[in-house]
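J.: Sharing a structure below in structure tokens format, with a few things to ask.
The values are calculated or read from the model by the stated rules, or taken from the named source; none is laboratory data. Model, not experiment: these values are computed from the prediction. So basically every Cβ, Gly included, is an ideal-geometry build from the backbone, and we count neighbours across all protein chains shown. Calculation scope for accessible area: heavy atoms of the full protein, side chains included, ligands and nucleic acids excluded. Shrake-Rupley method; radii C 1.70, N 1.55, O 1.52, S 1.80 Å.
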Amino acid sequence: MTTSSRHPVAFDFFLEIAVIDQLVSTEMERVLPEGVTMASFSLLNHLVAKGGTESPARLAQALQVTKGAVTALLKRLEGRGLVTLSQDPRDGRAKIIALTPEGRRRRDQAIAALDPLLETFLAAFPEPDLAAALPLLRRVRLDLNRRRHGR
């Protein structure tokens with residue numbers, strides 16, 4: 001790739017990540033169960049990682065979307081019985097999002113649907129190669145997250 005940036009390696013690195021993000025999202029959406037979008041999968045997966053509950057504000061922040069976008073997604077997921085919204089007992093103005101058993105089941109179905117895609121990927125990129133790349137990717141993610149919060 002060529003660029004007129006004064007920092008061509010960093011530019012190309014970010015560009016590669018952006019293109020990979022698009023390609024991975026497209027591949028994942030193609031195999032996810034019907035009705036499970038990347039946005040809903042990301043939200044359900046985040047809730048599992050956080051022990052099943054989270055606030056809408058924290059979800060918006062974690063998923064890098066607006067509060068309005070997360071609210072719209074939560075309404076759709078609540079309508080499908082995948083999450084529940086309730087008042088935060090510590091702050092009556094705030095809401096708490098909880099994953100339902102059906103939400104966990106749909107998330108687990110999505111993970112199972114991704115397995116064949118991951119197997120194909122592992123045939124081209126052996127697990128030790130991927131494991132070797134993870135420390136750099138994690139450092140990049142942590143640095144970008146730190147910058148996002150102004151630290």
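J.: I'd like the orientation of helix 38-49 relative to the chain: the angle between its Cα long axis and the longest Cα principal axis, in ° from 0 to 90, rounded to 10.
T.: 70
J.: If each DSSP helix of 4+ residues adds -39,500 (n - 2.57) and the sum is divided by the residues in the chain, what number results at 222 nm, nearest 500 deg cm²/dmol?
T.: Helices in the chain give a 222 nm mean residue ellipticity of -23000 deg cm²/dmol.
J.: With Cβ to Cβ distances under 14 Å as the rule, what net charge do the other residues near Leu44 carry (K, R +1; D, E -1)?
T.: Surrounding charge for Leu44 is +3.
J.: Follow-up question, since we're still on this one. Computed from these coordinates, which is log10 I(q)/I(0) by the Debye sum over Cα atoms at q = 0.13, 0.18, 0.21 Å⁻¹: [x] -0.66, -1.05, -1.29; [y] -0.76, -1.23, -1.40; [z] -0.65, -1.19, -1.47?
T.: Of the listed options [x] -0.66, -1.05, -1.29; [y] -0.76, -1.23, -1.40; [z] -0.65, -1.19, -1.47, [y] comes from this structure.
J.: Probe radius 1.4 Å, ligands and nucleic acids ignored: give me the carbon and sulfur share of the accessible area of the chain as a rounded percent.
T.: 59
J.: Starting with the highest mean, order 105-112, 142-149 by the number of other Cβ atoms within 10 Å, averaged over the residues of each peptide.
T.: Result, highest mean Cβ count within 10 Å first: 105-112, 142-149.
J.: May I ask you to derive the FRET efficiency for Asp12 and Arg151 from their Cβ-Cβ distance with R0 = 35 Å, giving the value to the nearest 0.05?
T.: My answer for the efficiency is 0.85.
J.: Could you tell me the accessible area of Val31 in Å² (1.4 Å probe, neighbours in place), rounded to the nearest ten?
T.: 40
J.: Skip the ligands, DNA and RNA, and give the accessible area per residue of the chain with a 1.4 Å probe, whole Å².
T.: Value for the chain: 69 Å² per residue.
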